[in-house]
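Please treat every number below as a calculation from the coordinates, not as lab data. Because the structure is predicted, anything quoted here is derived from the model rather than measured. All Cβ positions, even for glycine, are placed from backbone atoms using ideal geometry, and neighbour counts span all protein chains on display.
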Amino acid sequence: MGDLSKNFSRAEFECRCGCGSAKVDPLLIETLQTIREAAGIPLRVNSGVRCPEHNRRVGGVSNSQHLLGKAADITWTGKAATLYALIYTLYKAGEIPHLGYVKLYRGKNFVHVDVRTPKSNLVAGWE
Ligand SMILES: [Zn+2]
């Protein structure tokens with residue numbers, strides 16, 4: 001049981017440098033919760049909110065959505081490519097309308113999800 005939604009807690013989104021930054025956009029939580037329920041198994045948040053210092057350290061782009069609490073890098077016990085496919089299907093079905101961008105990192109086996117506005121051309125093109 002999470003304190004942000006049924007399955008997610010603020011602690012999972014805290015900046016990994018220990019600074020305490022954990023201001024998450026509710027639309028991101030709503031999106032992840034829908035994905036979680038469709039997945040039927042836990043999603044792990046590898047990276048949620050990042051402060052500017054930590055974002056630089058991990059090589060994030062300067063305008064990263066992680067800085068705004070609008071992005072999460074997620075993984076599960078299955079292949080990231082399968083998770084990506086699930087997210088695509090949910091978006092096409094109108095289940096996660098706030099999705100702004102998604103990217104599969106096949107080699108590192110995680111999926112970046114964010115609720116940026118305006119949406120990226122990728123996601124807008126799926127409509
Ligand atoms: Zn930090």
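Here are the numbers:
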quantity	calculated
Hz values of 3J(HN,Hα) by residue in the range 19-24 - Karplus curve (6.51, -1.76, 1.60), Gly and Pro given as x	6, x, 4, 7, 7, 9
Tilt relative to the chain, helix 80-92 - C-alpha long axis, 0 to 90 degrees, to 10	60
Highest-MSF residue in the chain out of Thr75, Thr89, Thr31 [GNM, Cα springs under 10 Å]	Thr89
Vicinal HN-Hα couplings computed from phi for the range 8-16 (Karplus, 6.51 cos²θ - 1.76 cosθ + 1.60; Hz; Gly/Pro x)	10, 10, 3, 4, 5, 9, 4, 3, 6
Anchor Lys79: lysines whose Cα lies under 18 Å away (excluding residues fewer than 8 positions away in-chain)	Lys103, Lys108
The range 10-125: C-alpha gyration tensor shape, a/c 1.5 cut-off, then a/b vs b/c	prolate
Between 0 and 90°, nearest 10: helix 26-39 axis offset from the chain longest Cα axis	50
Residue exposure sequence - Ser5, Ser62, Ser47 - by fewest surrounding Cβ within 10 Å	Ser62, Ser5, Ser47
Centroid-to-centroid separation of the range 102-125 and the range 46-64 [C-alpha atoms, Å]	16
Charged-residue dipole, Cβ positions (Lys, Arg, Asp, Glu), the chain about Cα centre, Debye nearest 20	400
Least to most buried among Arg36, Arg56 (fewest other Cβ within 10 Å first)	Arg56, Arg36
Choice from Gly100, Gly20, Gly48 showing the highest fluctuation, given a GNM over the chain with Cα pairs closer than 10 Å	Gly20
